Amino acid sequence: MNQVEPIVTEGAKLKARIKADSERLKEISERLVAEGAGEYHGAEGVKAIVVVPGPSLKPAAETIDALKTTLGDSFGKLFDRVVSYKPVKSFREVAGALMTKAKATRLIVQCEVAATPFVKWS
């Protein structure tokens, strides 16, 4: 047995317990939500607070033109224009095809964000 085997086994067992506990917590949360908004007390001073937030304002993209027509000049006072960019799926390959290797490398470094390692359990 190698030095890593015991922690892999323990990790897999923890993952299974967490999954079961998460499913039970979801059931409990659903029951409390069914009770309605409020503060609920359990043994040993623990409590659960059910919060029912108000609806958020996120008009569907396909309604924007209709809203512009309906609101006229008021539209700009009620909505901010937001533009965002995301890299294309094959960003690294496309950058390499469009520019020199050095320029592509500099561009990629500017756009990269460090990823966090994770473990997949099976």
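Just so it is clear, none of the values below were taken in a lab; they were calculated from the coordinates. The model shown is predicted, which means the values in this text are computed figures rather than measured ones. When we count neighbours, we look across all protein chains shown, and the Cβ atoms used for this are built from the backbone with ideal geometry, even at glycine.
GNM on the chain, C-alpha springs below 10 Å: top fluctuator among Ala37, Ala102, Ala12?
Result for the chain, Cα springs under 10 Å: Ala102 fluctuates most.
Which lysines have a Cα lying under 23 Å from the Cα of Lys103, excluding residues fewer than 8 positions away in the same chain?
In chain and number order, the partners are Lys86, Lys89.
In the range 5-84, how many lysine pairs have Cα atoms under 30 Å apart, counting only pairs 8 or more places apart or on different chains?
10
Between Met99 and Phe75, with labels modelled 7 Å along Cα→Cβ, what's the label distance in nm to one decimal, could you check?
3.5 nm
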